[in-house]
Amino acid sequence: DKGGWSSFMAKEVSEEPEAVAKTVLGRVRDGAVVIPELDGLDELFAGISRVVVIACGTAAYAGQVGKYAIEQWARIPVDVELAHEFRYRDPVIGPDTLVVSISQSGETMDTLMAVKYAREQGARTLSICNTQGATIPRESDAVVYTHAGPEVAVASTKAFVAQITALYLLALHVARVRGSMTAEQIARETHELEAVPEKISTILEREQERITQLAGWMADTRSVLFLGRHVGFPIALEGALKLKEISYIHAEGFAAGELKHGPIALIEPGQPVFVIVPSPRDSTLLHDKVVSNIQEIRARGARVIVIAEEGDASVLPFSDEVLRIPLAGALFEPLLAVVPLHIFAMGLATAKGLDVDQPRNLAKSVTVE
Ligand code: BG6
């Protein structure tokens, strides 16, 4: 039931605040992270020396965002790999490796086979999954469910923000067990996490119409590029994937720092480029580097659409459009910056008259390898 929305995707994007809120619900108490599903696993978390995150598609980009949080908070090295690549390359894993799989459906065959393989190699396995009782969580040592509710549209949206949320809760849980953060530090982050749903709602309220209109004007665009740095990099990849999936437009995401090493050759007058700008409050260094990337592409005629924090005026002279996201700590920006990109992809596909819920050639859950 679309509940009055024009598509399941539109409904599911509108549910992004709820997807985060419900995934946090009952798992944060007085600033501490409480995940009953992980009771009795302290020894496991204390004993691992590395984490390998495996997933496919959008879930893999959630994993890439999660890497920054797990490394920063829990101080454990994290590799993120596509499940089908991991499975067939003889990876070095063992009992000190925690393999975290991420899957909305819990049935993706590529991910399932990689989880089974990891177990055979003696690794510990934890599943982040949106579907109760699905195969992947059943095949894993532990599961942390995302509570995004059923996702029907083929392209994943609300599950993505719920997956990042679950990874952050996991990272903070492990940080407590390993003593890499104080209770006060954890409380500061859980407080930020609890504030995310409201901030996503603000973006939906303030920017949805304008982004949809912008997408409508761009219905004839043949190629769109996305740039991001740090946690903004996987968000750039996700923005590009969504556009490919539902609007059949060539799109690519790049690490902003990589621009001068190749992608800048693609910039010609009129080329639309989305740029996710890190907050100037957390790291002026990172922020200023991305702003100088914007100047570089603008000088070559790019049409620059910026996603930037409210109040960041430094981007104004070099941007054609500025989409605003509320203030948040650096690690929480991806949960906000992705929302305009989901709206944009949906708006563009709709403007092209496409079925956003059922894109050609794709299936919601791919149960073959
Ligand atoms: C693809 C879907 O086939 O599988 C994507 O079209 C999804 O939307 C990916 O991100 C992974 O699916 P799951 O269920 O394992 O998260």
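Just a few scattered comments:
- Neighbour counts of other Cβ atoms within 10 Å put T125, T146 in the fewest-to-most order T125, T146.
- Within the range 39-117, chymotrypsin sites (Phe, Trp or Tyr not before Pro) in DSSP loop having at most 16 other beta-carbon neighbours inside 10 Å: Y88
- Rg and Dmax [Cα atoms of the range 203-279; Å; Rg one decimal, Dmax integer]: 12.8, 38
- The alpha-carbon of K260 sits under 19 angstrom from the alpha-carbons of these aspartates and glutamates, leaving out residues fewer than 8 places away in its chain: E252, E268, D288, E296.
- What separates the Cα centres of the range 231-301 and the range 144-183 is a distance of 26 Å.
- Screening the chain for whole DSSP H helices with an alpha carbon extent of at least 27 angstrom along the helix axis and a mean Kyte-Doolittle hydropathy of at least -1.0 yields 158-178, 183-217, 333-351.
- For the range 65-216, the relative contact order is 21 percent, taking Cα pairs closer than 8 Å that sit 6 or more residues apart in sequence and dividing their mean separation by the residue count.
- Between R300 and D320, the contour length at 0.36 nm per residue exceeds the Cα-Cα span by 5.8 nm.
- Formal net charge of residues neighbouring V224 (Cβ-Cβ distance under 14 Å; K, R +1; D, E -1): -2
- Less than 5 angstrom separates the built amide H of T125 from those of V99, D141, A142, all sequence-distant by 5 or more or on a different chain.
- Distances between placed amide hydrogens fall under 5 Å for H147 paired with T23, all partners being 5 or more residues away or on another chain.
- Each Cα pair under 8 Å and six or more residues apart adds its separation to the average, and for the range 28-141 the resulting relative contact order is 24 percent.
- Taking each of K244/K364; K116/K242; K158/K242; K67/K364 in turn, the alpha-carbon distance tops 19 angstrom for K116/K242; K67/K364.
- Percentage of interatomic Cα-Cα distances in the chain larger than 30 Å: 35 percent
- Ordered by the number of other Cβ atoms lying within 10 Å of each residue's own Cβ, fewest first, K352, K260 fall into the sequence K260, K352.
- For E309, distant residues with modelled amide H under 5 Å away: I325
- Loop trypsin sites (Lys or Arg not before Pro), the range 151-243 (other Cβ atoms within 10 Å of the site Cβ: 10 or fewer; DSSP): R222
- Placing pseudo-labels 7 Å out from each Cα toward the beta carbon at H261 and R89 gives an inter-label distance of 1.6 nm.
- Cβ-to-Cβ counts within 10 Å put E189, E120, E333, E139 in ascending order as E120, E139, E189, E333, the fewest first.
- Relative contact order of the range 239-369: 27 percent, from C-alpha pairs under 8 Å at least 6 residues apart in sequence.
Bear in mind these aren't lab numbers, they're just calculated from the coordinates by the rules spelled out. Just so it is clear, the structure is predicted and the values come from calculations on it, not from any experiment. Cβ coordinates were reconstructed from backbone atoms using ideal geometry, including for glycine residues, and neighbour counts include every protein chain displayed.
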